[in-house]
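Every number in this text was worked out from the coordinates using simple rules, so none of it is lab data. Model, not experiment: these values are computed from the prediction. Don't worry about glycine lacking a Cβ; one is built from the backbone with ideal geometry, like all the others, and counts go over all protein chains shown.
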Amino acid sequence: MAAILGGGIGGLSTGYYLLKNNLCSNNNLKLLLLEATNTCGGWIKSIKTKDYIFEQGPRTIRPKGLVGLNTLNMIQDLGLSEHVHPIKFDHPAAKNRMIYANNSLHLLPSSLKGIFQKNEPFSRPLIYALFNDLWNPYKQLKDDSIYNFVERRFGKEIADYAISPMICGICAGDAKEISVKFLMKIPFEWEQTHGGVMKGLMRSMFKTKNDNNIELSELARRAQEEKWNVYTIKGGLDNFPASLLQHLMENNVDVQLNSKVDEIKFVDSSTVKLKKKTGEEIMANHVYASIPSHVLADLVVKQHPELSQNLKDIPFVTVGLVNFYFDSDKPLISPAFGFLVPPIENSPILGVVFDSCCIPDQKGTVLTVMLGGKWFKEKFGENVTEKELFNIALREVATILNIQEQPTAHNVKILNKCIPQYIIGHYEKVEQIRQYIHDHNLPISLVGSSYDGVGINDVIYSAKTQVQCCI
Ligand SMILES: Cc1cc2nc3c(=O)[nH]c(=O)nc-3n(C[C@H](O)[C@H](O)[C@H](O)COP(=O)(O)OP(=O)(O)OC[C@H]3O[C@@H](n4cnc5c(N)ncnc54)[C@H](O)[C@@H]3O)c2cc1C
């Protein structure tokens, strides 16, 4: 029997790929999924009413690249194609992305033409950044922070006003700590091999392209042809994990909710004992752990303290999330995806998503404010209340967007340790962790956002690769 720990998108996808690869039979109960809470989906949670949807975690998925196309294949296979709501390249939510700097909102360029023009807060057209890359020397490095890399290649303004807010938007983190390999692995390799990003880019243009080697479903093909920017799921993103869960249950996977695992004991290379909080013990031949690395660290600490320490070394950040619904006849915002705030502005908020522009079937104006992240404790201390976060978010929305109304409805959540931080050395750390597992013949595979990418696509793809590794 194989056991999956955790019923987030990582654990559910592991079940999906184990079934797809016929690694568990449809008739015998050979696959077990243990989820600590009373519901599956992990951070993917939607509050649904007839007037608005509040996404309490992720809201959009990117369709591009191997990992994006792979997710679309899964969505079609689950019969969810008709529920996909694409945001195409010409939609305002795709074109209009802003940053808040020097007390005003600035639209970031979204076309080639835009890089030849001067766009506030940048002091020169962005094209100059490319010259910077051509002239600047390079440093021989194994890894670097994404901030250092971008500052070295393209200048400080790009690092402060383009990359730093982008890192806040993706992982609520500090670009000065996050590994360049997190988002810019290939440009970094170009710098290291050819002395600069543009030089590497030019050379790569003469090489034969290695297209994504993946069979495309009709939905994935549509996404490419129609140039989707991002997409969401009608009726709430949590319909996606709900469909996966249904698929697992229809195929006789034993899904046990309210089943927190407290300890993992490895007996031999094909036997592992899982101890539930209730004291019940379960024997499995292999365990797929899709729980956060810091949680897994506590489960293996008694038997494998070194492994536990390495898992603990992956840091996580806490995000405050405030959803607002304004029951207004006219939209209170201009059509856009939203805006991000560069850390250099020293604001309590990371950014605001204009949900009523991105998510279909919403009345009025719906916004989500993200707060804290890497700076959560520094800005709000240890004991901040939801009420305080609500007040801060509302004050910022009033100041920046000039919204003076009181919200008709709201939701506040403190998402404790919700996003792993891929700091400098992360990829080497993960390799070291997997090497330890291999060297000690431990029947465990690591899945989920702690290891191979923090987005939904990455987590799903990581489940696929980890399942295939065990075949
Ligand atoms: C605020 C926010 C916004 C985001 N926005 C986006 C976005 O727009 N697009 C995007 O692609 N990604 C986004 N992400 C990232 C994405 O949501 C995550 O990568 C993904 O949901 C992680 O899934 P997972 O299965 O790895 O982990 P989780 O969702 O953390 O699931 C782990 C599961 O394990 C369970 N568990 C924990 N401990 C135990 C235990 N001891 N025993 C049993 N079960 C246990 C938990 O209850 C949970 O259900 C966002 C994340 C956050 C927090």
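The table below lists the values:
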| item | result |
| --- | --- |
| Peptide ranges 6-18, 228-240 listed from the most packed, as the mean C-beta count within 10 angstrom indicates | 6-18, 228-240 |
| Spatially proximal aspartates and glutamates relative to K387 (Cα-Cα < 20 Å; intrachain offsets below 8 disregarded) | E55, E378, E396, E405 |
| Cross-link pairs K30/K273; K276/K312; K50/K234; K176/K374; K265/K302 - those with Cα-Cα distance over 18 Å | K276/K312 |
| Mean-position separation - Cα centroids, segment 84-112 and segment 352-372, in angstrom | 14 Å |
| Residue-count net charge about G448 - beta-carbon cut-off 14 Å; Lys, Arg +1, Asp, Glu -1 | 0 |
| Protection-proxy order for peptides 109-119, 347-357, each taking the mean of Cβ atoms within 10 Å per residue, highest first | 347-357, 109-119 |
| Karplus-derived 3J(HN,Hα), 6.51/-1.76/1.60, for each residue of segment 339-345, Hz, glycine and proline x | 9, 10, 10, x, x, 4, 7 |
| Estimated 222 nm signal from helices in the chain, with DSSP H stretches of n ≥ 4 weighted -39500 (n - 2.57), rounded to 500 | -10500 deg cm²/dmol |
| Segment 113-205: translational diffusion in µm²/s, Stokes-Einstein, Kirkwood Rh over Cα pairs, 37 °C, 0.692 mPa s | 244 µm²/s |
| Residues in segment 438-456 reached by a label modelled at K185 [backbone nitrogen below 20 Å; 7 Å Cα→Cβ] | 438, 445-456 |
| Contour minus Cα-Cα distance for K20 and S81 (0.36 nm per residue) | 20.1 nm |
| Rounded to whole Hz, the Karplus (6.51, -1.76, 1.60) HN-Hα couplings of segment 400-413, x for glycine and proline | 7, 9, 6, 9, 9, 5, 8, x, 6, 8, 8, 8, 10, 9 |
| Computed lengthening from M283 to D439, 0.36 nm per intervening residue step minus Cα-Cα distance | 54.0 nm |
| Charge context of K118, other residues only, Cβ under 15 angstrom, K/R +1, D/E -1 | 0 |
| Length gained when the stretch K199-E405 is fully extended (0.36 nm per residue, less Cα-Cα span) | 69.0 nm |
| Formal net charge of residues neighbouring L340 (Cβ-Cβ distance under 14 Å; K, R +1; D, E -1) | -2 |
| Magnitude of the charge dipole, the chain, Cβ model with Lys/Arg +1 and Asp/Glu -1, debye to 20 | 720 debye |
| Karplus (6.51, -1.76, 1.60) ³J(HN,Hα), θ = phi - 60°, over segment 445-452, in Hz, Gly and Pro reported as x | 10, 9, 10, x, 6, 6, 10, 10 |
| Mean-position separation - Cα centroids, segment 155-203 and segment 29-58, in angstrom | 33 Å |
| Peptides 282-289, 326-333, 413-420 ordered by average Cβ neighbours within 10 Å, highest first | 282-289, 413-420, 326-333 |
